[in-house]
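Asks: I have a structure here, written as structure tokens, and I will follow up with some questions on it.
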Amino acid sequence: MYEFHSDHDRYFLMQKMVCEESIIPFIEKVYPLNSDAKILEIGCGTAGVLSAFLERGCKGFGVDLDAGSLDYARKKLAGFIESNQLILINNDIYSVDFETEYHAKFDIVILKDVIEHIHDQEKLLIKMRSFLAPSGVIFLGFPPWQMPFGGHQQMCRNRFLSHLPYFHLLPKPVYKSVLKLFKEGTEYFCELKETGISIERLEKLAKKQDITL
């Protein structure tokens, strides 16, 4: 199992590094980032990604259902919260009215390693688009279902399964039997088998909603 998922300090630093080295440079190819930008991250967790934008002077909003991760973020980024540069919200994204509560539309909306866990992905894309300022952009990052570890098997407790590529592509009854054989919880991994998204599926959803990728 990848222990950094349960180590908030390490996970925060990894997320920040990925954002600095990959996400921000990628976004800047199509959207010039400046200190006036408002950033929304859906499923922000410990806010490591947002912290990289905050250090660039941007204003950040983070939404997550995990109260424990947000508690960590509040302590880690207390200075940004005190200066009103960062707002963290423990709620369902469909329950937050940013325009009414915060008078905010966003230049960049980020969804990193989240969409593959969502059942109604089209509904989420529509909601994300409603948050954008007129020239705003959406950044989506996720492990495509067909990739070697698209089933998040690196999260398995069993060392053999956690290093076994592609086994998530087995038919669901066989897949579930393998998980049970190795005493892995089936609910998380089987649900991901239902919600895992491919690049092709994302492209179809985006085209249907007239979203340019």
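Asks: Could you tell me which residue of segment 3-16 is nearest to TYR72 (Cα to Cα), considering only residues that are surrounded by 18 or more Cβ atoms within 10 Å (Cβ to Cβ) and at pLDDT below 95?
Replies: Of all residues in segment 3-16, those surrounded by 18 or more Cβ atoms within 10 Å (Cβ to Cβ) come to 8, 11-12, 15-16.
The next check asks that each one be at pLDDT below 95; those that pass are 8, 11.
Details: HIS8: 7, TYR11: 11 Å.
Top of the filtered list is HIS8.
Asks: Out of curiosity, is GLU99 assigned by TED's automatic domain parsing to the domain that holds PHE61 and touching a helix residue (DSSP H, G or I) at 6+ places or on another chain (Cβ under 6 Å)?
Replies: No, not satisfied.
Asks: Filtering segment 22-41 down to residues that are without any contact (Cβ under 8 Å) to a residue 40 or more places away in the chain and not in a loop (DSSP other than H, G, I, E, B), which residue is surrounded by the most Cβ atoms within 10 Å (Cβ to Cβ)?
Replies: Of everything passing the filter in segment 22-41, ILE24 is surrounded by the most Cβ atoms within 10 Å (Cβ to Cβ).
Asks: Grab the helices (runs of 4 or more DSSP H) fully contained in segment 125-213, keeping just those with 1 or more residues being farther than 18 Å from LEU111 by Cα and in contact (Cβ under 8 Å) with a residue 40 or more places away in the chain. Lay out the reasoning, then the answer.
Replies: Numbers: elements: 159-162, 172-181, 186-195, 199-208.
Those helices (runs of 4 or more DSSP H) span 159-162, 186-195, 199-208.
Asks: On to the next question. Take the conditions in contact (Cβ under 8 Å) with a residue 24 or more places away in the chain, in contact with a Gly (Cβ under 6 Å, 6 or more places away or on another chain) and not polar (S, T, N, Q) and apply them to LEU111. Does it pass? Before the answer, list the steps.
Replies: Values: in contact (Cβ under 8 Å) with a residue 24 or more places away in the chain: yes; in contact with a Gly (Cβ under 6 Å, 6 or more places away or on another chain): no; not polar (S, T, N, Q): yes.
In short, no.
Asks: Does segment 47-67 contain any residue that is surrounded by fewer than 19 Cβ atoms within 10 Å (Cβ to Cβ), under 17 Å from the mean Cα position of the chain (by Cα) and in a helix (DSSP H, G or I)?
Replies: Yes - at least one qualifying residue is present in segment 47-67.
Asks: Let me ask something else. Please state which one of CYS44, CYS19 is within 13 Å of the chain's Cα centre (by Cα), outside any loop (DSSP other than H, G, I, E, B) and buried (at least 21 other Cβ atoms within 10 Å of the Cβ).
Replies: That would be CYS19, the only listed residue that is within 13 Å of the chain's Cα centre (by Cα), outside any loop (DSSP other than H, G, I, E, B) and buried (at least 21 other Cβ atoms within 10 Å of the Cβ).
Asks: Please identify the pairs in which a residue from segment 51-71 that is in contact (Cβ under 8 Å) with a residue 60 or more places away in the chain has its Cβ atom under 9 Å from the Cβ atom of a residue that is in a loop (DSSP other than H, G, I, E, B), counting only partners at least 6 apart or on another chain.
Replies: SER69/CYS44; SER69/GLY45; SER69/THR46; SER69/ALA47
Asks: Shifting gears a bit: Within segment 75-89, how many residues turn out to be out of contact with any strand residue (DSSP E or B) (no Cβ under 6 Å at 6 or more places or on another chain) and surrounded by 15 or more Cβ atoms within 10 Å (Cβ to Cβ)?
Replies: Final tally of qualifying residues: 2.
Asks: Can you confirm whether segment 195-213 contains a residue that is touching a Lys or Arg at 6+ places or on another chain (Cβ under 9 Å) and within 17 Å of HIS152 (Cβ to Cβ)?
Replies: Looking for residues that are touching a Lys or Arg at 6+ places or on another chain (Cβ under 9 Å) and within 17 Å of HIS152 (Cβ to Cβ), one finds none in segment 195-213, hence no.
The values are calculated or read from the model by the stated rules, or taken from the named source; none is laboratory data. Computed from a predicted structure; not experimentally measured. Positions of Cβ are backbone-derived with ideal geometry, glycine not excepted, and every protein chain shown enters the neighbour counts.
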